[in-house]
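> One structure, as structure tokens, below. Some questions next.
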Amino acid sequence: MTYPEFISAHGPRLLDGTLVTIQQTILAALLAVLIALTFGMMKISPLRPVRALATVYIEIFRGTSLLVQLYWIFFVLPLFGLTIDKFTAGFVAVGMNLGAYGAEVVRGAIQSVPRGQWEAGVALNLSPARRMWRIILPQALVIMLPAWGNLMIEVLKGTALVAMISVADLMFAARQINGTTYLSAQVFGTALVIYYVLARFGITPFMRWLERFVARRMGRV
Amino acid sequence: MGGNWSWDFTLQILPRLIEATGYTLLAALIGYLIAMVLGLVLALAQRTPWRVLTLIAREFVEFIRSTPLILQIFFVFYVAPQFGVRLSPWTAGMIAIGLHYAAYLSEVYRGGLESVEKGQWEAATSLNLGTAHCYRRIILPQALPNCIPGMGNYLVGILKDTPMLSVIGVAELMHTANAIGTETYRFLEPFTLVGLIFLCISLPLAELVRRAETRLRRKLGLVK
């Protein structure tokens, strides 16, 4: 079978898989950002128990493997009466995992906003919430965006693991085609190239655009 | 099957899981050694005067870093037999994970090499040292200490990625937990124990890396 024949026979299935991978990546990325912001801010809270809670979450999710977390969420949580369908379990596991890494990025960025900005917020009599939302976070956003570019590629790569709980993503489609045709080089090679294209021509340009967009809004350019 | 934790079952499966932990550590170690050597090759290839070689090495690193490790593991394991090379799960797994982390480590080395002052090169040239000699005796000894923190982080990283080897049948921790789960229809204890074992290894290891980093910084006079 030549390569064009292979693509015309199995291309549609790989494409379907790619669409699921994109959905998983977007949902997991949104969840990761939400978790990262929440736990990143909790990590610098003046309240000790809040800080401790954030530390426990971050250390657990950074200290174990994504695959272990995915299996745990999918196989163990139902034993406690919390049954989640595989599609949801997939992006939730990836989002929670990368959210823990993101939390450290958020914390670092917030802490690197110059001291004077915090003091100016106090001097203007802004409430702590308003100071964070209107003064600190927008500036922290500019600082943390480059690191998020790498994290988003990690999110994309992480979603390949959801195939292990039978979510029909690109990885899953590739494995199935491999199982029936044994054309391993063609199918896995094509899948690798698709992931590469998504990362290099999808995520990276989007994050660069976002960096420029935010910088312009902040009047930094 | 239920949400109730059985201590008897835990004690029964613990020896098997601890044995498998040994294989997990072994896999991480072998993979890391391969990555350390290949990573240096990839980093040095990007510093040669040959543009084509530099470009290929650069693209290769980018490609490896932006595609999933699990797919690379499958690729190596299934594609090699197509070309007549049968690889055992261990061999295929070590090649894939070693190559993946070589790409990451090459970036760490690159950063370290770039941090060596230009004057060091000029001094070596004026002393009439050859390129190889210069790297070995002058540049690498100065560059490597700068690489230690990054290398430490990826040591923890490779350890946490070893469960992916279970998908091609490497009998490490995750694979064993899966096997116990399918034999006994109990997933709560094996999967939870795997998580706990990983925490018990990776948290102290990460702490160790942090300490090594501060000690190194103090030694290099970066902080008091």
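The values are calculated or read from the model by the stated rules, or taken from the named source; none is laboratory data. Given the structure is predicted, the values throughout are model-derived calculations rather than measurements. Here the Cβ is made from the backbone with ideal geometry for all residues, glycine too, and neighbour counts use every protein chain on show. When the accessible area is computed, the model is the full protein with side chains, heavy atoms only, and any ligands, DNA or RNA have been set aside. Shrake-Rupley method; radii C 1.70, N 1.55, O 1.52, S 1.80 Å.
> Any chance you could count how many residues in segment B:29-53 are of a type outside the set (Phe, Trp, Tyr) and open to solvent by 30 Å² or more (accessible area, probe 1.4 Å)?
The number of residues fulfilling the criteria is 16.
> Which ones in segment A:67-90 are at the interface with chain B (Cβ under 8 Å from one of its Cβ atoms) and of a type outside the set (Phe, Trp, Tyr)?
Hits for segment A:67-90 are A:67, A:68, A:69, A:76, A:79, A:81.
> I'd like the residue in segment A:104-134 that is in contact with a Gly (Cβ under 6 Å, 6 or more places away or on another chain) and within 29 Å of residue A:62 (Cα to Cα) and, out of all such residues, is most open to solvent (accessible area, probe 1.4 Å).
A:107
> Can you name the residue in segment B:175-224 that is surrounded by 13 or more Cβ atoms within 10 Å (Cβ to Cβ) and among the acidic types (Asp, Glu) and, of all such residues, is farthest from the other protein chains (Cβ to nearest Cβ)?
Checking each candidate, the answer is B:213.
> Taking residue B:153 as the residue in question, decide whether it is part of a helix (DSSP H, G or I), within 14 Å of another protein chain (Cβ to nearest Cβ) and open to solvent by 70 Å² or more (accessible area, probe 1.4 Å).
Yes: the conditions hold for residue B:153.
> Okay, moving on. Show the residue pairs meeting these rules: Cβ distance below 7 Å; 6+ apart or different chains; first residue within segment A:43-68 and farther than 30 Å from residue B:175 by Cβ; second residue among the charged types (D, E, K, R) and surrounded by fewer than 19 Cβ atoms within 10 Å (Cβ to Cβ).
A:43/A:51; A:45/A:51
> Here's something else I'd like to know. Residue check: is residue A:137 assigned to a helix (DSSP H, G or I) and at pLDDT 95 or above?
Answer is no for this residue.
> Here's another thing I want to ask about it. Take segment A:162-191 and flag every residue that is among the hydrophobic types (A, V, I, L, M, F, W, C), open to solvent by less than 10 Å² (accessible area, probe 1.4 Å) and either within 17 Å of residue A:4 (Cα to Cα) or outside any helix (DSSP H, G or I) (or both).
A:167, A:174, A:177, A:187, A:188, A:191 - these are the residues of segment A:162-191 that are among the hydrophobic types (A, V, I, L, M, F, W, C), open to solvent by less than 10 Å² (accessible area, probe 1.4 Å) and either within 17 Å of residue A:4 (Cα to Cα) or outside any helix (DSSP H, G or I) (or both).
> Every residue in segment B:122-143 that is surrounded by fewer than 16 Cβ atoms within 10 Å (Cβ to Cβ) and assigned to a helix (DSSP H, G or I), please.
The answer is B:122, B:123, B:125, B:126, B:131, B:132, B:133, B:136, B:137, B:141, B:142.
> Right, something else. Considering only segment B:1-28, state which residues are more than 13 Å from every other protein chain (Cβ to nearest Cβ), over 15 Å from residue B:177 (Cβ atoms) and open to solvent by less than 100 Å² (accessible area, probe 1.4 Å).
Answer for segment B:1-28, where residues must be more than 13 Å from every other protein chain (Cβ to nearest Cβ), over 15 Å from residue B:177 (Cβ atoms) and open to solvent by less than 100 Å² (accessible area, probe 1.4 Å): B:25, B:26.
> Looking for whichever is in contact with a Pro (Cβ under 9 Å, 6 or more places away or on another chain) and among the small types (Gly, Ala, Ser) here; the options are B:112, B:39, B:84. Which one fits?
Going through B:112, B:39, B:84 in turn, the sole match is B:112.
> Still on this structure, I have one more. Scan segment A:103-129 residue by residue and report those that are in contact with a helix residue (DSSP H, G or I) (Cβ under 8 Å, 6 or more places away or on another chain) and among the basic types (Lys, Arg).
Of everything in segment A:103-129, just one residue is in contact with a helix residue (DSSP H, G or I) (Cβ under 8 Å, 6 or more places away or on another chain) and among the basic types (Lys, Arg), namely A:107.
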